[in-house]
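Participant: I'd like to ask some things about the structure below.
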Amino acid sequence: MQDHETEATAHLTSFIRKMTDEGIHPFVIATFSNYYRQIVAGQQGLLYDRDLRAIENGEIANAESLGPFAEKGEKTLPHTVRIVLNGGLGTSMGLTGPKSLLQVKKGLSFLELILRQTRDQGARLALMNSFSTHTETLAKLAELDPSPFPLLFLQHKFPKILQSDLSPATCPRDPGLEWNPPGHGDIYTALYTSGMLEDLLAEGVRYAFISNSDNLGATLDSSILGYFADKNFPFMMEVAQRTPSDIKGGHLARHKNGNLILREAAQCPQSETHAFQDIDCYRFFNTNNIWVNLIFLKDLIQQQGPIPLPLILNPKTLDPRNPKSPKVFQVESAMGAAISVFKNATAIKVDRNRFFPVKKCNDLLAVRSDYFIFSDDDQLILNPERASDHLRISLDPDFFGLIDQFERRFVKGVPSMVGCETLRVEGDVRFEANVKIVGNATIKNTGKNQARIPEGSLVSGTWCF
């Protein structure tokens, strides 16, 4: 045991030296060191069912009832910043650059739509970039030359840990692979260490709304802002009703100590997966739309230093594109986990229209189609002609999983899906122009050659090729 502890201490010294040489802020080094000691002690950041209880409907407010707070929200917009998490590369869709630069609707990228939305509302916009997205995002902003220009700050990075002996991972041919983003939980430290928090407060900005760049439903809602400001909450998480498609996402619960808590899939013991996925018990999932009172955030950091978010230990390979590369751990944390840290933090139930992130090409098809439309103020909303807000799309990952594959099969445009309930595509299928899909549709191509949906087709039921 003593030899193990000595070895672990030596490794931690190596990690600290590596991070110091990289110019990483002492706050970040202290945070990583704390997580590393937990890992050496055998902790995996697991949250057990025995320590949690479900949230009842009456425990949290419903956003649908907040109309009376809209006027206060409008007056509060000048004191509010919209912070967009812009660190993702979209590798699951085959992207190699910032996901926010992907064209999503009418030739506009996520970034362009976010710029328009925030400009129209008269609020400040800030982007938290990662070391992987900063340069390309900055180049695109220079090209767009938006007014006002958004504020920018950088997410930190953590060194990857070899699973074999918990030593620092090395990759001389590509040193960048030795590091990983520390999860969006880093935002609180990044705001503080970058000076952004102090600058915003000095300019009279008190409230922050934080969301992912790929979720265009996450706009600055004046009613929710007015409620948050009026009640003087330090922290508020938007949650939505879980459906069978949400079983893998983090859920809200009440810890035995009385605090609200977020449990991510990586924090669930394997033996309790069924309980984690029980949507009748744990009924609310985290949309990752977060409201933070910046005064409370500054006070909290000044009182206790880096915010102690629960550890998330993600097993990966050193090179994510090479499954045979050395196995590593990536240390991460979740932004929403801060709900258990802020005293008197709360949650609010929102409609699904505030949560439609584009994680896969299935999602991109829905957003590009007429299932969603633009409102007069550039908000992406559910088409009012829809009878329901549920649309299930399953595109064959062998032919639609990567963005270049997807684009080639919809080169003439995506089909109309305003009347579609479910779409399942099996095999290689190409869609021509002006195709309309209604009801429940399944398209199967079991042949070796690509099938084609002719121009102007009305697709419903099962089509086989």
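Taken together, the values in this text are just the output of simple stated rules run on the coordinates, not laboratory data. This is a predicted model, so every value here is computed, not measured. Backbone-built Cβ (ideal geometry, glycine too); neighbour counts: all protein chains shown.
Participant: Just the number, please: percent antiparallel of the DSSP beta bridges in the chain, rounded to the nearest 5. Provide the component values of the computation, followed by the final result.
Facilitator: Numbers: 33 of 76 bridges.
For the chain, the DSSP antiparallel bridge percentage is about 45.
Participant: Of 200, 325, 250, whose Cα points farthest to the positive end of the dipole of the stretch 2-354 (charges on the beta-carbon: +1 Lys, Arg; -1 Asp, Glu; origin at the Cα centre)?
Facilitator: 250
Participant: Further, regarding this structure: Calculated from DSSP H runs of 4 or more alone, at -39500 (n - 2.57) each and per residue, what is the 222 nm mean residue ellipticity of the chain, nearest 500? Can you show the working numbers first?
Facilitator: On the way: 13 runs with 123 residues, N = 465.
Counting only the DSSP helices, I get -7500 deg cm²/dmol.
Participant: Okay, moving on. In what sequence, highest mean first, do 331-339, 12-20 appear when ranked by Cβ atoms within 10 angstrom? Numbers along the way, then the final one.
Facilitator: On the way: 331-339: 24.0, 12-20: 15.7.
Top to bottom by mean Cβ count within 10 Å: 331-339, 12-20.
Participant: Sticking with this one: Highest first, please rank the peptides 39-51, 309-321, 420-432 by the mean number of other Cβ atoms sitting within 10 Å of their residues.
Facilitator: Those peptides, ordered most packed to least, come out 420-432, 309-321, 39-51.
Participant: For percent of Cα pairs over 31 Å apart, the listed values are (1) 46; (2) 38; (3) 50; which was obtained by calculation from the structure presented?
Facilitator: Step by step, percent of Cα pairs over 31 Å apart for this structure corresponds to label (1).
Participant: Continuing with this model, one more query. Hey, can you grab everything whose amide H is under 5 Å from the amide H of residue 289? Only 5+ residues off in sequence or another chain; H modelled, so Pro and N-termini drop out.
Facilitator: Placed amide hydrogens put 238 under 5 Å from residue 289.
Participant: As I understand it, the dipole of the stretch 361-464 uses +1 on the Cβ of Lys and Arg and -1 on the Cβ of Asp and Glu, about the Cα centre. Which of 427, 439, 397 lies farthest toward its positive end?
Facilitator: Toward the positive end, the furthest listed residue is 427.
Participant: To the nearest 20 debye, what charge dipole does the stretch 138-256 have about its Cα centre, counting +1 at the Cβ of each Lys and Arg and -1 at the Cβ of each Asp and Glu?
Facilitator: Once rounded to the nearest 20, the dipole reads 540 debye.
Participant: Tell me, in nm to one decimal, what length is gained between residue 255 and residue 462 on full extension, where the rule is 0.36 nm per residue of separation less the Cα-Cα distance?
Facilitator: Details: separation 207, 0.36 × 207 = 74.52 nm, distance 4.72 nm.
This chain segment gains 69.8 nm when fully extended.
Participant: Could you list, in their original order, any pairs among 327/359; 75/140; 105/231; 157/412; 18/316 whose Cα atoms are separated by more than 30 Å?
Facilitator: In this structure, 75/140; 105/231; 157/412 lie more than 30 Å apart at Cα.
Participant: Just to confirm the filter: which trypsin sites (Lys or Arg not before Pro) across the stretch 155-191 are DSSP coil and have at most 12 other Cβ within 10 angstrom of their Cβ?
Facilitator: 173
Participant: Could you please state, rounded to a whole Å, how far the C-alpha centre of the stretch 325-377 is from the C-alpha centre of the stretch 87-154?
Facilitator: 16
Participant: Defining a contact as two alpha carbons under 8 Å apart and six or more residues distant in sequence, what relative contact order in percent does the chain show?
Facilitator: Contact order relative to length: 17 percent.
Participant: Normalised by the number of residues in the stretch 175-295, what is the relative contact order in percent for Cα pairs under 8 Å and 6+ residues apart?
Facilitator: Normalised by residue count, the contact order of the stretch 175-295 is 36 percent.
Participant: Under 5 Å between amide H atoms, partner at least 5 residues away or on a different chain: which partners does residue 440 have, H built in plane at 1.01 Å?
Facilitator: Long-range HN contacts for residue 440: 421, 422, 461.
Participant: Write out the GluC sites (Glu not before Pro) in the stretch 180-252 meeting two conditions: DSSP loop, and at most 14 other Cβ atoms within 10 Å of their Cβ.
Facilitator: 203
Participant: What's the exposure ranking of 381, 210, going from fewest to most Cβ atoms within 10 Å?
Facilitator: 381, 210
Participant: Further question on the same structure: Quote the charge dipole size of the stretch 306-399 about the Cα centre in Debye, to the nearest 20; the model charges only the Cβ of Lys and Arg (+1) and of Asp and Glu (-1).
Facilitator: Dipole about the Cα centre, nearest 20: 620 debye.
Participant: Can you list the aspartates and glutamates whose alpha carbon sits under 20 Å from that of residue 160, skipping same-chain ones fewer than 8 residues off?
Facilitator: Within reach: 5, 7, 21, 22, 174, 178, 186, 319, 332.
Participant: Moving on to the next point. Skipping prolines and chain starts, which residues have an amide H placed within reach, meaning under 5 Å, of the one on residue 393, given they are 5 or more residues away or on another chain?
Facilitator: Long-range HN contacts for residue 393: 423.
Participant: Can you give me the relative contact order of the stretch 361-464 as a percent, contacts being Cα pairs under 8 Å and 6 or more apart?
Facilitator: It comes to 22 percent, rounded to a whole number.
Participant: Dividing the alpha-carbon radius of gyration of the stretch 1-151 by 2.2 N^0.38 Å (N being the number of residues), what value is obtained?
Facilitator: Output field value: 1.50.
Participant: Using +1 on the beta carbon of Lys and Arg, -1 on that of Asp and Glu, and nothing else charged, what's the dipole of the stretch 2-354 about the Cα centre, debye to 20?
Facilitator: The dipole magnitude comes to about 340 debye.
Participant: Pop out the ³J(HN,Hα) list for the stretch 385-402 in order, Karplus 6.51 cos²θ - 1.76 cosθ + 1.60 with θ = phi - 60°, rounded to Hz; leave Gly and Pro as x.
Facilitator: So the Karplus estimates, Gly and Pro as x, are 6, 5, 7, 8, 9, 10, 9, 10, 10, 9, 9, 4, x, 6, 10, 10, x, 9 Hz.
Participant: Here's another thing I want to ask about it. Taking Cα atoms, how many degrees apart are the long axis of helix 26-40 and the longest axis of the chain, rounded to 10 and kept between 0 and 90?
Facilitator: Tilt of helix 26-40: around 90 degrees.
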